[in-house]
Amino acid sequence: MLDVDADFSTKQTILDAILAALIAWLFFLPITGVLLDGYAVQSAWHQPFVLALIVFYARCLIAIIVHTDLGKRLFVGKGHYAGVEVVDKTNAHWHWLLVIVAIGFVFPFFSSKYWLTVAILALIYVLLGLGLNVVVGLAGLLDLGFVAFYAVGAYSYALGSEYLGLGFWTALPFAAVLAASFGAILGFPVLRMHGDYLAIVTLGFGEIIRLILNNWTAFTGGPNGASAPLPTLFGLEFSRRAKQGGTPFHDYFGLDYSTIYRYILIYLVLFLVVCVMTMVVVRLRQMPIGRAWEALREDETACRSLGINHVVVKLSAFSMGAMVGGLAGVFFAAYQGFINPSSFTFFESALILAIVVLGGLGSVVGVIIAAVVLTILPELLREFSDYRVLIFGMSMVLMMIWRPRGLLPQRRQAFRRT
Amino acid sequence: MLLEVKQLAMRFGGVVALDNVSFGVEAHKITSLIGPNGAGKTTLFNCVTGFYQASAGEIVFYQNNQAIDVLELLGKPFIWQDFVNPRQLLRRLFFKMLGGSHRVNRLGIARTFQNIRLFRDMTAIENLLVAQHQYLNRNILSGLLHSKGYQKSEQQALEQAYYWLDLSGLGDDANKLAGQLPYGHQKRLEIIRAMCTQPQLICLDEPAAGLNPNETAELGEFIRILQQQHQITVLLIEHDMQMVMDISDKIVVLDHGEVIATGGPEAIQKNPAVLAAYLGEETTDKAKAETNND
């Protein structure tokens, strides 16, 4: 193995490299060593050798790099890198923040429809990341079924409009409340669980919700899904022809019909919600409830010994996270116009969890960056679509080596005497 | 009398950890609990602070001339009389749903742990703020909007936290991560964190374990300050006999889950049953009978 602290030894390096090359040769022999040619099998014995040679040189190179100054910083860094830093509260960055928010608000008016939809998706994942960050990052409750609340939000809009006649604007608070109550419902049975057990139960909960949506055909439409209506703005509709005497948006303003207007509306509302939610989560962290969440993550027994009711704290974390997830679901349904259970699989949960872990558990800015990167990167890599998951996996491994506690270190506010 | 333990028993399956334990803790005094390893001291602590549900017996806490049943707060199992007395049933249901060890703390019994249980990734001062949770303005809306009342309550909590930090000599560590403080400081931080819950009784589980003689002496001094200047009652488990004998007003000796002696430091030092338990001598029935008559 890589022994970073030991001195450089040529003999050891070459032995390690030979071993690695041998393993690579054995590994590649059955994969690239034989070629299928019609019904015959040809041997291509030189290919595994070439690959093994590459591994040999790469292994030598790594062993040398590790002992240079640069390598030491890269590989040894994690020992000195605490992952948490205490900083004084400063407003030094607030004008940058203003610029970013301003750009965010003007962006849809200059963007193409394609990039607008990508941006909407990115913001939806930012929202999901913020929600799961409360549950996993702050309260330390590993939740593998977060997609359930996303589904609850999306379906409460689609089915709410079908059965209750809810519009987009009423669906937002409705979905938030409904998802929060689902969060509390999930919270009750898992109150006594920790770590792995909790993860398994939440995983089960996520699957249960998906299976109910899939199989309760009479109510949810099953695999055929449910359609979600387009949002309206003060009664103005975004379809080409308005239903029942309404006015379409483009007619009212005398514009040509284009589907981009509806995406602009969704984007602007979503951006506003993301901004508000970011502020709420940042503030919550500094409030008694946020501190109690973090204390619960650190040590539940100690929390109880300090008079903190861990039941209330856990349930509030689950509900808060679920509420944000539910909001994201409404935007997803409005943006897609149609939802079905295949959008809410375990892979989605894993992706959201990856966003939170990559961003740094508990770091709001890190989660936002990770969400944006993880949704925009696959779009940029469309040409390499075969290698997308590979690159994704590799970046995860590299992150775990260099920044095991997330992209950005967690920052804690310092409290000075007054 | 602040706390009274009556005929307490704790069984884990077939293992009897505590059997018929009775003693009292006087208000504003330091009571020490000593005994050889495995005598049941920490089990007793966990019962008193509500982390274990005692199998039998009573723990009574006296507050404003009112006797409060500590075990009831944890949610006792139903008994048949409940079903003819609806009020009692409701009370029991309430504590079964919402009871727990956190209620024991809110009653005024705080504790520390044998193996330090700080919030390691939070700063020292945040540890103290968490401890003041119940006294803060926890309204979500006023917190989100930074209302006047909320700011005032946070400010007071901060002042309180700095007061304790200064008192214990940790003023410079306020904004350091609790997990990165030196061991002795962590021990002290845990004590003042318990103090921040504004208790009447503080239970310290081996506070001097792992400290050098100097630090132990300082700690003894600090516990004295708590008792004398802050009118706190202290219940202490400790193996450091020097410290126990120096600061205790009363000592309770446990062995094999039973109380074998109770009394002041001098009496305990001469007690034959205690000497037998610590030095491994044959315990004569006579010596046992004598101590029980005390």
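The numbers here are math on the coordinates, done by the rules we state, and not lab data. Here the structure is a predicted model, which is why all the values come from computation and not from measurement. For neighbour counting, all protein chains shown are included, and Cβ atoms are generated from backbone atoms with ideal geometry for every residue, glycine included.
Tabulated data
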quantity: Computed helical MRE - 222 nm, chain B, DSSP H runs ≥ 4 contributing -39500 (n - 2.57), nearest 500; calculated: -12500 deg cm²/dmol
quantity: Value of Rg to Rh for the range B:46-157 (Rh from inverse mean 1/r over Cα pairs, i.e. Kirkwood); calculated: 1.07
quantity: Using alpha-carbon coordinates, inclination of helix A:260-286 to the longest axis of chain A, degrees; calculated: 70 degrees
quantity: Selected from B:ASP246, B:ASP172, B:ASP121 as most flexible by GNM, with chain B as the system and alpha-carbon contacts under 10 Å; calculated: B:ASP172
quantity: Within a Gaussian network of chain A (alpha carbon springs, distance under 10 Å), most fluctuating of A:LEU353, A:LEU166, A:LEU22; calculated: A:LEU22
quantity: With Cα atoms, 0 to 90° folded angle of helix A:364-380 axis to chain A main axis; calculated: 80 degrees
quantity: Exposure rule at most 16 other beta-carbon atoms within 10 Å, DSSP loop GluC sites (Glu not before Pro): chain B longest free segment; calculated: B:27-280
quantity: Stokes-Einstein translational diffusion, chain B - Kirkwood Rh over all Cα pairs, 1.306 mPa s, 10 °C, in µm²/s; calculated: 77 µm²/s
quantity: Label-point separation, A:GLU379 to A:VAL41 (7 Å along Cα→Cβ), nm; calculated: 4.7 nm
quantity: Cut-off of 10 Å, at most 12 other beta carbons, DSSP loop: longest stretch of chain A lacking such trypsin sites (Lys or Arg not before Pro); calculated: A:244-415
quantity: Principal axes of the range A:166-235: Cα extent on each, largest first, Å; calculated: 48, 26, 16
quantity: Equivalent ellipsoid semi-axes - Cα gyration tensor, the range B:102-187, angstrom; calculated: 24, 17, 12
quantity: Where Rh is the Kirkwood radius over Cα pairs, Rg/Rh for the range A:101-413; calculated: 0.98
quantity: GNM top mover of B:SER248, B:SER153, B:SER22 - chain B, alpha-carbon springs below 10 Å; calculated: B:SER153
quantity: Solvent-free Debye scattering, log10 I(q)/I(0), computed from the Cα coordinates of the protein assembly as shown at q = 0.05, 0.08 Å⁻¹; calculated: -0.36, -0.82
quantity: Per-selection Kirkwood Rh - the range A:233-326 (Cα, Å, 1 d.p.); calculated: 16.8 Å
quantity: Surface/4 of the Cα convex hull for the range A:10-75, nm²; calculated: 5.2 nm²
quantity: MRE, 222 nm, helices only [DSSP H, n ≥ 4, -39500 (n - 2.57), over chain A, to nearest 500]; calculated: -21000 deg cm²/dmol
quantity: If the convex hull is drawn through the Cα atoms of the range A:292-418, its volume per residue in Å³; calculated: 177 Å³
quantity: Whole-Å semi-axes of the range A:111-250's equivalent ellipsoid (Cα gyration tensor); calculated: 32, 19, 13
quantity: Folded to 0 to 90 degrees: helix A:147-159 orientation relative to chain A principal axis, Cα; calculated: 30 degrees
